[in-house]
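To start, the structure under review is shown below, and the notes come after it.
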Amino acid sequence: MAAALRGALAGLLRPLGSWAPRAARSVGAGRGVPLRGFRWLREAPPLLGKGLGPLGSLPAGDFPSVLGRVTPLLPTILQQPVRTVTYYSLRKGKRKTVKAVIDRFLRLHNGLWVRRKSGYKKKLWKKSAAQKKRLREMVLCTRTQCKLLDKMTTSFWKRRNWYVDDPYQKYHDRTNLRDSGVFTIYFPRTSSSSPIASHD
């Protein structure tokens, strides 16, 4: 993290080297101000790594590329990936569901959320049969995760649905449910075309 921050700061400060001496010369020539006030900009030792030398030693045509250097760094430094909830939509003023939640999770009627294990359909050709069997198991989310996912969805996704040959039917009511947090759902072969059976 420190190395990445150091490189980012070096990239942000590097274009100032060609601008500061010219600004100092223009101020000194126009108003009679001595240049010693800006001498530290030209003669400063490298502070942020080996790649950043004295600021005055950079080429003079480097200033227009400030935006070109700063723009790629801003998303990685300032912005973190977030999935925020829309409390009031612009069209109807209603609360909106985060679509990433309903794509990746399934809510049982007892309030628990179920998810797939990561990598359950990736590079299966080099995974053993035991590992593929473990990856087919479903995982129950923790209490904190369930509360968060409930906040990210509306009441439409919390209602009870009745499907024909629902493979999750016996899990909607919390009876005889193991406390391990991992269980296997065996999908019947005849209902593979069911929309709920193919839920990720």
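Readers should treat all values here as calculations from the given coordinates under stated rules, not as data from a laboratory. Predicted model only: the values in this text are computed from it and were never measured.
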**Report entry** Full-stretch length increase - residue 122, residue 144 - with 0.36 nm per residue and alpha-carbon distance subtracted
**Finding:** 5.1 nm
Query raised in the report: Under a straight-distance cross-link criterion of Cα-Cα below 23 Å, which lysines are reachable from residue 126, leaving out those fewer than 8 residues away in the same chain?
Result: 117
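Among 127/147; 94/147; 123/151; 96/123, which pairs are too far apart, with a Cα-Cα distance over 28 Å?
From 127/147; 94/147; 123/151; 96/123, over 28 Å: 127/147; 123/151; 96/123.
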